[in-house]
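For reference, the structure is listed below as structure tokens.
The values are calculated or read from the model by the stated rules, or taken from the named source; none is laboratory data. Treat the numbers as computed from the prediction; the structure is a model and nothing was measured. Cβ placement follows ideal geometry from the backbone for every residue including glycine, while neighbour counts extend to all protein chains displayed.
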Amino acid sequence: MQCSKNTLQQIVGVAALFAASTVHAELALNLPEPVSPITEDIFGLHMLTAKVALYIMVVVTAIIIYSLIKFRKSEGYVADQTFHEGKFGRFGWILVPIIVLGVDMMIAGPGMETLNNVEDYSEPDMTVKVIGSQWKWTYEYLDEGIRVVSNMKELEPDDELYLRDVDNPLVLPTGKRIRFLHTATDVLHAWWVPAIVYKKDSIPGYINETWTVIEKEGTYRGQCAENCGTGHAYMPIVVEAVSEEKYAVWLAEQKETTAAAAAEAASDKEWSKSELISRGEELYNKSCVACHQANGAGIPGIFPSLIGSPITIGPVDEHINIVVKGKAGTAMAAWGSQLNDLEIAAIVTFERNSWGNDTGDTVQPVAVKAAR
């Protein structure tokens with residue numbers, strides 16, 4: 001193998017030109033810009049590790065290339081069979097681990113500091129409970145008594161935010177220490193918005209905790225980071241970080257809406273079938289369509305069809321019960337804690353009067369209340 005000086009100069013020149021090109025102006029494959037102290041620490045540790053790995057790769061690659069060129073067989077070089085008996089061969093077994101340990105210790109200091117910050121459970125200014133379900137997120141503002149259900153927004157594939165936008169984002173104030181309590185209703189999920197908070201699993205029957213302080217207003221996006229089933233790709237996360245003044249206005253509006261919905265569900269009004277079906281269809285398309293499909297046919301072998309099923313055309317009490325309490329050992333979650341009596345009554349009425357399920361049944365909120 002012949003490698004002239006001119007050839008080496010050309011290779012180095014091309015590499016330098018590539019390194020200086022505008023191709024590297026946008027690091028689109030890197031982590032997003034951090035906007036909280038904890039994600040800034042994580043991002044800094046990530047960049048430190050990446051740089052150290054890059055430097056090691058450059059040095060090792062340079063040594064390999066030098067060795068291949070300098071000691072190639074075509075130059076008449078004969079392999080040294082007694083290398084291990086020399087001083088470098090002997091002390092190399094000591095030197096290399098010392099270098100590796102030194103590199104590890106250089107990263108360990110910032111790593112321990114970041115880990116300690118991750119596990120910092122100082123008193124928060126507000127607490128949000130994040131509940132993962134197949135396939136949506138529910139946010140409970142524990143200090144305010146309000147709940148927001150966030151589903152993926154249906155968009156066309158050519159839309160810039162396809163699979164990345166939601167109907168109801170999580171709205172949070174800037175400059176406040178926020179504690180997130182993570183759990184799930186069915187399988188493992190993981191709520192992760194890398195710009196503002198680190199990832200931690202959401203486990204059914206268990207509470208994990210993370211925290212953040214968002215320093216910059218804006219819209220931050222994330223995704224479920226745990227493979228949670230066939231709808232895993234349909235669990236985007238959108239966080240709207242706003243000023244304290246804007247947050248106060250939003251919070252007041254949410255409390256008013258929540259109070260109105262609770263009063264409506266608790267009223268003694270006798271709802272007509274058409275009213276319940278109309279509301280039920282809207283709720284079904286938000287909460288149930290991912291599993292049972294818009295036409296009620298489900299997914300064969302995975303999620304049951306609702307067309308002429310023993311549940312949707314059978315006894316009403318059994319239909320209400322499975323929606324309220326779910327079914328153990330299946331993906332059918334308990335909706336009793338997520339929807340009020342009126343909403344469940346509307347969904348059951350819709351399902352029993354759609355896709356040819358002409359039962360004619362009208363389920364009132366009082367029936368759902370009795371089933372709880």
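Below is a table of values for the structure above.
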| quantity | calculated |
| --- | --- |
| Residue selected from region 67-100 under the condition among the polar types (S, T, N, Q) and free of Cβ contacts under 8 Å to residues at least 24 places away in the same chain, by the criterion surrounded by the most Cβ atoms within 10 Å (Cβ to Cβ) | Ser67 |
| Answer residue from region 225-242, given it is under 21 Å from Asp167 (Cα atoms) and among the small types (Gly, Ala, Ser) and is surrounded by the fewest Cβ atoms within 10 Å (Cβ to Cβ) among those | Ala233 |
| Residues located in region 118-170, provided they are within 22 Å of Ala262 (Cα to Cα), among the acidic types (Asp, Glu) and over 19 Å from the mean Cα position of the chain (by Cα) | Asp143, Glu144 |
| Residue count, region 162-175 (criterion: surrounded by fewer than 17 Cβ atoms within 10 Å (Cβ to Cβ) and under 15 Å from Pro37 (Cβ atoms)) | 1 |
| Failed criterion for Tyr220 (all others in (1) in contact (Cβ under 8 Å) with a residue 40 or more places away in the chain; (2) in contact with a Ser or Thr (Cβ under 9 Å, 6 or more places away or on another chain); (3) more than 26 Å from Glu351 (Cα to Cα); (4) not in a helix (DSSP H, G or I) hold) | (2) |
| Condition met for Ile178 (touching a residue at least 60 places away in the same chain (Cβ under 8 Å), buried (at least 19 other Cβ atoms within 10 Å of the Cβ) and in the same structural domain as Leu163 (by TED's automatic domain parsing)) | no |
| Residue list for region 147-165, restricted to those being assigned to a strand (DSSP E or B) and farther than 15 Å from Lys286 by Cα | Arg147 |
| Residue selected from region 192-209 under the condition in contact (Cβ under 8 Å) with a residue 60 or more places away in the chain and not in a loop (DSSP other than H, G, I, E, B), by the criterion farthest from Ala225 (Cα to Cα) | Glu209 |
| All positions within region 17-47 that are under 22 Å from Gly109 (Cβ atoms), out of contact with any Ser or Thr (no Cβ under 7 Å at 6 or more places or on another chain), aliphatic (A, V, I, L, M) and modelled with pLDDT of 90 or more | Met47 |
| Subset of region 158-186 that is at pLDDT 90 or above and among the β-branched types (Val, Ile, Thr) - its residue that is nearest to Gly329 (Cα to Cα) | Thr183 |
| Subset of region 243-277 that is at pLDDT 80 or above and among the acidic types (Asp, Glu) - its residue that is surrounded by the most Cβ atoms within 10 Å (Cβ to Cβ) | Glu275 |
| Whichever residue in region 283-317 is without any contact (Cβ under 8 Å) to a residue 12 or more places away in the chain and part of a helix (DSSP H, G or I) and, among such residues, is farthest from Tyr234 (Cα to Cα) | Asn285 |
| Filter result (closer than 12 Å to Leu172 by Cβ and in a strand (DSSP E or B)) within region 117-146 | Met126, Thr127, Val128, Val130, Tyr139, Tyr141 |
| Leu155 vs. criteria modelled with pLDDT of 90 or more, surrounded by 12 or more Cβ atoms within 10 Å (Cβ to Cβ) and aliphatic (A, V, I, L, M) | no |
| Residues of region 200-222 classified as within 12 Å of the chain's Cα centre (by Cα) and surrounded by fewer than 19 Cβ atoms within 10 Å (Cβ to Cβ), total | 3 |
